[in-house]
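No value in this document is a laboratory result; all are computed from the given coordinates. What you are looking at is a predicted structure, and each value in this text was computed from that prediction instead of being measured. Neighbour counts run over all protein chains shown; Cβ positions are idealised from the backbone, glycine included.
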Amino acid sequence: MSQRILVVEDDQFLRELYEELLTDEGYEVEVAADGDEGLTKASTGGYQLVLLDIMLPKRDGLEILRQLKDNPPKEQNGPVVLLTNLGQDAIIKEGFDLGAVGYLIKSAMTPDQVLHEVGTFLNKPSH
């Protein structure tokens, strides 16, 4: 069975880029364009990886992490990796405190690096 990845990203270009990249690699990808949609999908659970943008319309990535922590999905999700831009260190730290396991700096990563990182996070043993 292919691994399911949820991409929560409001930037349409990036969302479609990640979706295409990951789909081409054989992953089953679902996308969400804002925080509410992201929370709804993440709450259903069963994703092996969640790529979560921090700055989102309606509700931000940290709020989604808080909600998932307070109301864990029936079927647990795999690791949550934050999608961020430079200069958000305090926010990233808070994301880690809320359960995120890593972050990708969007502006600094090539598509190949994104795929490599996704592979790394998917192959890490879960706690």
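A few notes on this one:
- Potential extension, Q12-R59 segment - 0.36 nm per residue separation minus Cα distance: 15.2 nm
- Whether the stretch 77-118 is rounded, prolate or oblate, judged on the alpha carbon gyration tensor where a/c under 1.5 counts as rounded: oblate
- Helical runs assigned H by DSSP (4 residues or longer) give the chain a calculated mean residue ellipticity at 222 nm of -13000 deg cm²/dmol, each run adding -39500 (n - 2.57) before division by the residue total.
- Highest-MSF residue in the chain out of Y103, Y27, Y47 [GNM, Cα springs under 10 Å]: Y27
- Farthest towards the positive end of the charge dipole of the stretch 4-123, among the residues L83, T44, A33, is the Cα of T44, using unit charges on the Cβ of Lys, Arg, Asp and Glu.
- Residue order for L51, L14, fewest other beta carbons within 10 angstrom first, comes to L14, L51.
- By other beta-carbon atoms within 10 Å, ranking F13, F121, F96 with the fewest at the front produces F13, F96, F121.
- Convex hull (Cα only) mean projected area of the chain, reported in nm² to one decimal: 7.1
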